[in-house]
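Engineer: Below are the structure tokens for one structure; questions will follow.
No value in this document is a laboratory result; all are computed from the given coordinates. Computed from a prediction, not measured in an experiment: that's the story for all the values here. Please note: Cβ atoms are built from the backbone with ideal geometry, for glycine as well, and neighbour counts cover all protein chains shown.
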Amino acid sequence: MKQTEPDFWVLEYVTVTKDPRTELVVAIGGTDKAADILQRAGGFLSAPGPRGDYHRLPHGLPVEEQRLKATAASHALLAAGHSVHFDPTLNMLVAPDGERKDALRYLAGLAERAAAASTSSEVAEVLTEVAAPVHGLLPLTREVVVRAWIAASAIQKAAPAGEPDPLARLAGSTNSMSETARAILHARNHAARPAATAPLLPGRAQPANSRHR
């Protein structure tokens, strides 16, 4: 008997997340009932998009207010029976140190994978997690340092004449982090290569089918 795919109502699923490019909190998907809940419970606004209308919070809201409104709307949707994918970074009901604990477990897991690696490809996989250009741990850490440097430079005055500026050294450290990431990726690429086949030693017997024919 031929199996058929179940009939999912995909548009009833709602995703509430923060767009990394615009920093806006957006809600995509959902029915008219979901739209009503988003607007009443979270103050979301309807906006036209390239693939149809979606909802977003108003421009210029402080981060904590974004989280408060997104949390209220998402949990109201869940209470009404809607299926919701809610970005955990917006959820104010998550324990404050929950993300930190997850990050520490992830790092500990990477260290265990590195220690238990028995092949070059397994080592390469761990190094990829560390230094991948977009989502690697080191490039993401560099992004944090860069943003902290920009913020601190805007808040503080330059160091007095004749004294080294710690913020300038902080900016220089980001270049070192980039160089380190490149070095790790180079090592990753080397580890990912197939092991070279050992050459035949002089005088070593060749298989019968490779001798003079």
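Engineer: Between D36 and D102, what is the FRET efficiency for a Förster distance of 35 Å, r being their Cβ-Cβ separation, to the nearest 0.05?
Structural biologist: On the way: r = 34 Å, r/R0 = 0.96.
Efficiency for this residue pair is about 0.55.
Engineer: Treating only the Cβ of Lys, Arg, Asp and Glu as charged (+1, +1, -1, -1), what charge dipole size does the range 33-113 show about its Cα centre? Round to the nearest 20 debye.
Structural biologist: Values: 10 positive and 9 negative charges, 26 e Å.
That gives a dipole near 120 debye.
Engineer: Here is a follow-up. Rounded if a/c is under 1.5, else prolate if a/b beats b/c, else oblate: with a ≥ b ≥ c from the C-alpha gyration tensor eigenvalues square-rooted, which is the range 28-95? Provide the component values of the computation, followed by the final result.
Structural biologist: Numbers: a/c = 1.78, a/b = 1.18, b/c = 1.50.
Oblate, because a/c is 1.5 or more while a/b does not exceed b/c.
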